[in-house]
Amino acid sequence: RADRLQRSVDDAQGFVYLVARLGVTGARGALAVDLEDSIRRVRAATSLPVAVGFGISTPQQARTVGRMADGVVVGSALVDILGQDGVGAASRFLGSLRDALNNPDAP
């Protein structure tokens, strides 16, 4: 497993996108319990920044991942809000994510 990870990052450029959990994309209620260990393994294999996404859907999840990783990727949750409630709601959601990331010590 470690050799497969190393082969995956050997020629990487820019940043490494770490999938936070296995399965289909979409909002999730909880983060994977071994996410911090996964980030640690990737950091040991590369000096590139690590961005984590896939299933991150709340400001609290973004804050938690932001404490561990260099970047947080939120896709499906934003698309869902935009599709259901429009641009204003999406803008507010993005603001709540930004606030969470700007205040990593908040509960």
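The values are calculated or read from the model by the stated rules, or taken from the named source; none is laboratory data. These figures come from a predicted structure and were not determined experimentally. Please note: Cβ atoms are built from the backbone with ideal geometry, for glycine as well, and neighbour counts cover all protein chains shown. SASA here: full protein model, heavy atoms, side chains in, ligands and nucleic acids out. Shrake-Rupley method; radii C 1.70, N 1.55, O 1.52, S 1.80 Å.
Just name one of G86, S96, Q13: the one whose Cα is farthest towards the positive end of the charge dipole of the chain (beta-carbon charges, Lys/Arg +1, Asp/Glu -1).
About the Cα centre, the residue reaching furthest to the positive side is Q13.
Based on the Cα gyration tensor of the chain, what are the three equivalent ellipsoid semi-axes, each the root of five times an eigenvalue, rounded to whole Å and given largest first?
26, 15, 12
Taking 8 Å as the Cα distance limit and 6 or more residues as the minimum spacing, I'd like the relative contact order of the chain as a percentage.
Computed value for the chain: 25 percent relative contact order.
Which helices of the chain meet both criteria: a Cα extent of 24 Å or more along the helical axis and a mean Kyte-Doolittle score no lower than 1.6, with helices taken as whole DSSP H segments?
Correct list, ordered by number: empty.
Roll a 1.4 Å probe over the protein chains and send me the accessible area per residue for the chain in Å².
Counting only protein heavy atoms, the per-residue value for the chain is 62 Å².
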